[in-house]
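Comments concern the structure below.
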Amino acid sequence: MVHCFLYYKGFLALQTHRVAHRLWAEGRRGAALLLQSRSSEVFAVDIHPGARIGAGVLLDHATGVVIGETAVVGNGVSLLHAVTLGGTGKEGGDQHPKISDGVLVGAGTQILGNVTVAEGAQIGAGSVVLKAVPPRTTAVGNPARLIAGKENPVRREKRAALTMDHTSWFEHGPV
């Protein structure tokens, strides 16, 4: 466990965010933004202090992860490197994605706007998600489209976010 505290910048960035989020919630926004800015510089991970992040989140490799102010990340979510949970330019209000529990988001993915990625969904690497993704489905592409799990998805005992299994929802037929 000591190696997590010393070497895993995704873990360190999340712990720094938790402190910054607490400061933000207490109205100490200047201190929160200062801590967030320093964390971004040191870890190459940019998480706005207003973002809400659940327990058991994994930032695998972490470099280039960006999470906007009104984003919500559920429990047990895995985000690979270069993932953006961003807005679409809308000013004010709720403008960032909501990622439900147990979601796996592939490297280089952009999820933009006030959209929901439902529980257990998987987003393929390099996808651009602009619309809601239903539970236990797989979405890929630019713009993202559903390719598996739409009807009677294969159930598994462990979440994709925990196993890092990018293939378990695929129906092995033509795409």
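Scan Thr84, Thr88, Thr70 and give me the residue that is of a type in the set (S, T, N, Q), at pLDDT below 95 and assigned by TED's automatic domain parsing to the domain that holds Thr116.
Values: Thr84 fails: at pLDDT below 95; Thr70 fails: at pLDDT below 95.
Of the residues listed, the single one that is of a type in the set (S, T, N, Q), at pLDDT below 95 and assigned by TED's automatic domain parsing to the domain that holds Thr116 is Thr88.
At pLDDT below 95, buried (at least 16 other Cβ atoms within 10 Å of the Cβ) and either closer than 23 Å to Ala132 by Cα or not assigned by TED's automatic domain parsing to the domain that holds Tyr7 (or both): is that true of Asp60 in this structure? Steps first, answer last, please.
On the way: at pLDDT below 95: yes; buried (at least 16 other Cβ atoms within 10 Å of the Cβ): yes; either closer than 23 Å to Ala132 by Cα or not assigned by TED's automatic domain parsing to the domain that holds Tyr7 (or both): yes.
Answer is yes for this residue.
So which helices (runs of 4 or more DSSP H) stay within segment 1-57 end to end and still have 1 or more residues that are surrounded by fewer than 16 Cβ atoms within 10 Å (Cβ to Cβ) and touching a Phe, Trp or Tyr at 6+ places or on another chain (Cβ under 7 Å)?
Counting at least 1 such residues, we get 2-7.
Select from segment 90-134 the residues that are under 12 Å from the mean Cα position of the chain (by Cα), in a strand (DSSP E or B) and surrounded by fewer than 24 Cβ atoms within 10 Å (Cβ to Cβ) and list them in ascending order.
Lys98, Gln110, Leu112, Thr116
For segment 69-80, what are the residues that are surrounded by fewer than 19 Cβ atoms within 10 Å (Cβ to Cβ) and either among the hydrophobic types (A, V, I, L, M, F, W, C) or within 14 Å of Gln110 (Cβ to Cβ) (or both)?
Val72
The values are calculated or read from the model by the stated rules, or taken from the named source; none is laboratory data. Since this is a predicted model, take the numbers as computed values, not measurements. Every residue, glycine among them, receives a Cβ derived from its backbone with ideal geometry; neighbour counts consider all protein chains shown.
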